[in-house]
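*Asks:* One structure, as C-alpha cells, below. Some questions next.
The values are calculated or read from the model by the stated rules, or taken from the named source; none is laboratory data. Because the structure is a prediction, the values reported are computed rather than measured. Glycine also receives a Cβ, built like all others from the backbone with ideal geometry; neighbour counts cover every protein chain displayed. Ligands, DNA and RNA are excluded from the accessible area calculation, which covers all protein heavy atoms including side chains. Shrake-Rupley method; radii C 1.70, N 1.55, O 1.52, S 1.80 Å.
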Amino acid sequence: TRTLLQARPEIDAARVGMTGLSWGGYFTMYATALAPFIKVAAPSGYFRDYEKLLSRAIADDARLAEREVFGGLGHFQAIGLICPRPCLVEIGERDGAINNLAGARIEAERAAQFYRQLGLADRFQFHTHPGGHEFDTPAILAFFDRHL
C-alpha cells in the first residue's frame, strides 16, 4: 500500500482515510490499528460489547469467532491502537439484528477513554443514526473533512 501511495501522485499520502460497513467496518478498525498511514478511520455497522462477547463464550463453553475478536483484542482495544488518530464509530439505531445498540454504547465509552486521557476527546466520535445496517454517508464525509 505504501508503494501505491508513492506511485500515485493524485493521492495525498498525508490525507488517507478508511471506512467500511459491517465486515468492512470490522476490517477498518483492525486495518487502521495496524497501518499508521491511515490517518482517519470511520468503521460503520460493526461494534460490540467485548465483555458481553467474552461472557457469552464462557457461558457457552465456546470460543469466540475470529470475526468477533482478532488476536484477543476487543473493539475498544482496536480503537485504542488507532488513538490518537481520529476515529468515528457509527451504528444505525435499527441495526439490532447485527449490533446491540446498548452494547455498542458501552464499548464506545471504553474506546472514548483512550482519547479523553490524552486530552483529545474531539478526535473520537460515537455516532448513531436512525437507519439500520447502513452508512450515514454525510456524517462520515463531514468527519473526514474535519480531520483530513
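*Asks:* Residues with amide H under 5 Å of GLY92's amide H, sequence separation 5 or more or different chain, H placed in the peptide plane at 1.01 Å from N; which?
*Replies:* Hits under the 5 Å cutoff: GLY45, HIS129, GLU134.
*Asks:* Here's a follow-up. Could you tell me the distance between the Cα centroids of the stretch 12-41 and the stretch 73-148, to the nearest Å?
*Replies:* Using only Cα atoms to place each centre, the spacing works out to 13 Å.
*Asks:* Now a separate question. Tell me, what is the 1.4 Å probe accessible area of ARG105, in Å² to the nearest 10?
*Replies:* The value for ARG105 is about 120 Å².
*Asks:* Out of residues 5 or more away from PHE124 or on other chains, whose amide H comes under 5 Å of its own, with H placed 1.01 Å from N in the peptide plane?
*Replies:* Amide H to amide H, under 5 Å and 5 or more residues apart or across chains, PHE124 pairs with CYS87.
*Asks:* Test of the criteria: in the stretch 101-148, which GluC sites (Glu not before Pro) are in a DSSP loop and have at most 15 other Cβ atoms within 10 angstrom of their Cβ?
*Replies:* Passing both the DSSP loop test and the Cβ count: GLU134.
*Asks:* Taking only protein heavy atoms and a 1.4 Å probe, what accessible area per residue, in Å², does the stretch 102-144 have with all protein chains in place?
*Replies:* 52
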